[in-house]
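The values are calculated or read from the model by the stated rules, or taken from the named source; none is laboratory data. The shown structure was predicted, so the numbers you read here are calculated from the model rather than taken from an experiment. We place every Cβ from the backbone using ideal geometry, glycine too, and count neighbours over all the protein chains shown.
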Amino acid sequence: MQRGESLTRVGLFDETGPKFVGLFNNPVFAYRGSAGGNHLMPRRRGVAWALGLIFFSGCADDLPPTITPPVSTSDDWNTVEGGAIRWSELQKNPATVLVFLGLDCPISNAYAPEMIRLHREFSPQGVAWVGIYPDADVKPEDALRHAREYGLRFPLVLDSSRSLARRFGATKMPEAVGLSSSGEVVYRGRIDDRFYDLGKSRGEPQRRDLREALQAVLSGRNPSVSHAPAIGCDIDLTNP
């Protein structure tokens, strides 16, 4: 699958949502098992990176360690649209969501409709959104094309060095990080629990973790769950 190619054309996505029937028989992917676990390996030219889909059971109440506070008023992030995101402006909002996206990740792309719904629901309530691509091979034009294809209408940032992923503790695509107006991480993890195991999903999620976390913050409360491990494609944190 070439960068930016629609998942509709490889049978993984249609206008109604994700299609995972026959995922492991799809010519784009090879399913491999090993002592280290099972993975979806993309058959693609160029960069060979693993779409590591690992199942975590349960939710931890405490966030894994990150830099605290992770954001300061001097933070500026350049966007692929040619602008800049300044935390001094973002902190005027009650909350900010950073969502780590995978250009060629089936699960990340399958969550596009839900991300669109959440963005439409919470943006009018003052929640800011930023999409982050933690991949050294994603160029600005790739991110813009991907966002257009999947209808993502929030600012986009490239994280070629994965410094933002490391800073906020993100390891998967998609993975959401919720920040308070003071710049503290109040939630990190999955968007919901629709995907619950390797290649397995339910029709409707039983928990909508990101939605519940945002509702709590907007109500002046701490989220009851601050960390729910994400199911998705691995962010390559082995290389600088």
So LEU210, is it under 18 Å from ARG120 (Cα atoms) and either of a type in the set (D, E, K, R) or not in a helix (DSSP H, G or I) (or both)
no
Select from the stretch 156-183 the residues that are touching a Phe, Trp or Tyr at 6+ places or on another chain (Cβ under 8 Å), in a loop (DSSP other than H, G, I, E, B) and either among the hydrophobic types (A, V, I, L, M, F, W, C) or crowded, with 20+ Cβ neighbours inside 10 Å (or both) and list them in ascending order.
ASP159, ALA170, PRO174
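Please go through the stretch 184-205 and give me each residue that is part of a loop (DSSP other than H, G, I, E, B) and surrounded by 14 or more Cβ atoms within 10 Å (Cβ to Cβ), ordered by number.
Result: GLU184, ARG190, ILE191, ASP192, ASP193, ARG194, LEU198, GLY199, PRO205.
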Residue pairs qualifying under the 8 Å Cβ cut-off, at least six apart or on distinct chains, with the first in the stretch 151-176 being within 15 Å of ASN78 (Cβ to Cβ) and the second being surrounded by 22 or more Cβ atoms within 10 Å (Cβ to Cβ) and hydroxyl-bearing (Ser, Thr, Tyr), are LEU156/TYR133; VAL157/TYR133; LEU158/TYR133; ASP159/TYR133
Kindly evaluate GLY220 against the criterion of being free of Cβ contacts under 8 Å to residues at least 40 places away in the same chain and either assigned to a loop (DSSP other than H, G, I, E, B) or farther than 18 Å from LEU90 by Cα (or both).
yes
Hey, ALA136 small (Gly, Ala, Ser) and in a loop (DSSP other than H, G, I, E, B) or not:
yes
Select from the stretch 90-121 the residues that are over 19 Å from VAL186 (Cα atoms) and outside any helix (DSSP H, G or I) and list them in ascending order.
LEU101, GLY102, LEU103, ASP104, CYS105, TYR111
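Let's see how each residue does on (1) touching a strand residue (DSSP E or B) at 6+ places or on another chain (Cβ under 8 Å); (2) surrounded by 13 or more Cβ atoms within 10 Å (Cβ to Cβ); (3) at pLDDT 95 or above; (4) of a type in the set (Gly, Ala, Ser):
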{"site": "PRO65", "(1), (2), (3), (4)": "no, no, no, no"}
{"site": "ASP75", "(1), (2), (3), (4)": "yes, yes, no, no"}
{"site": "MET115", "(1), (2), (3), (4)": "yes, yes, yes, no"}
{"site": "VAL127", "(1), (2), (3), (4)": "yes, yes, yes, no"}
{"site": "VAL130", "(1), (2), (3), (4)": "yes, yes, yes, no"}
Failed item in (1) within 13 Å of VAL99 (Cα to Cα); (2) among the basic types (Lys, Arg); (3) not in a loop (DSSP other than H, G, I, E, B), with ARG145 passing the rest:
(1)
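Looking only at residues that are buried (at least 21 other Cβ atoms within 10 Å of the Cβ) and in contact with a Lys or Arg (Cβ under 9 Å, 6 or more places away or on another chain) in the stretch 132-146, which one is nearest to ALA95 (Cα to Cα)? Let's see the steps before the verdict.
As a first pass, look at the stretch 132-146 and keep what is buried (at least 21 other Cβ atoms within 10 Å of the Cβ): 132-135, 138, 143, 146.
Those still in the list that are in contact with a Lys or Arg (Cβ under 9 Å, 6 or more places away or on another chain) too: 134-135, 138, 146.
Working: PRO134: 22, ASP135: 25, VAL138: 27, HIS146: 25 Å.
Result: PRO134.
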